[in-house]
Amino acid sequence: MSCFSCCVEDDMQKAADNGPFMGNSSAANNGGYHTTEAAPKDTKTVVILPIAVSTIPVDELKEITDNFGTKALIGEGSHGRVYCGLLKSGQAAAIKKLDSSKQPDLELLAQVSMVSRLKHENVVELLGYCVDGGLRVLVYC
């Protein structure tokens, strides 16, 4: 079960405001958008709405965190380590490098999609993300 179980299956389809994009867990990331594919009957269908933040290149993240070194490390949580960095845009950011997980990329991207559109005064804003092989990073302001 994922942290944002509301982001999978039928719940997101009901909340779709821009039309859902569907894919099965073996589909690849296509720049934050996913094509419609027929999922095998035994596989969970993950619905992905457009992601409202941009991807941040892994090279930029490594540069601003000194390759995720101890100088930039500001904390550690249950899902990964948090680093402080200054984005190329000049904005200070908290950069969370998620621990390795068996969660499929599409499930993570569905969660990123939901969080990217979440705007509330008591919730930190997601600025961007990076999914590059086993590396998964979320960038917050």
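Of all residue pairs spaced 6 or more apart or on separate chains, none has beta-carbon atoms under 6 Å together with a first member in segment 126-141 that is within 12 Å of Ile51 (Cβ to Cβ) and among the hydroxyl-bearing types (Ser, Thr, Tyr) and a second member that is at pLDDT below 95 and surrounded by 18 or more Cβ atoms within 10 Å (Cβ to Cβ). For Asn122, the conditions (1) touching a strand residue (DSSP E or B) at 6+ places or on another chain (Cβ under 8 Å); (2) polar (S, T, N, Q); (3) without any contact (Cβ under 8 Å) to a residue 40 or more places away in the chain are fulfilled apart from (1). A Cβ distance below 6 Å, combined with a sequence gap of six or more or placement on separate chains, defines the contacts here; from segment 102-116, residues that are aliphatic (A, V, I, L, M) reach residues that are assigned to a helix (DSSP H, G or I) in the pairs Ala110/Cys7; Met114/Cys7.
Look at segment 73-97 and say how many of its residues are in contact (Cβ under 8 Å) with a residue 12 or more places away in the chain, in a loop (DSSP other than H, G, I, E, B) and over 18 Å from the mean Cα position of the chain (by Cα).
Going residue by residue through segment 73-97, those that are in contact (Cβ under 8 Å) with a residue 12 or more places away in the chain are 74, 77, 79-88, 91-97.
Right, trim to in a loop (DSSP other than H, G, I, E, B) and you get 77, 79, 87-88, 91.
Subsequent filtering for residues that are over 18 Å from the mean Cα position of the chain (by Cα) retains 88, 91.
Selection size over segment 73-97: 2.
Just one residue in the set Gln111, Gln103 is surrounded by 11 or more Cβ atoms within 10 Å (Cβ to Cβ), polar (S, T, N, Q) and assigned to a loop (DSSP other than H, G, I, E, B); that residue is Gln103.
The values are calculated or read from the model by the stated rules, or taken from the named source; none is laboratory data. Being a predicted model, the structure only gives us computed values, none of them experimental. A quick note on method: Cβ atoms are made from the backbone with ideal geometry, for glycine too, and the neighbour counts reach across all protein chains shown.
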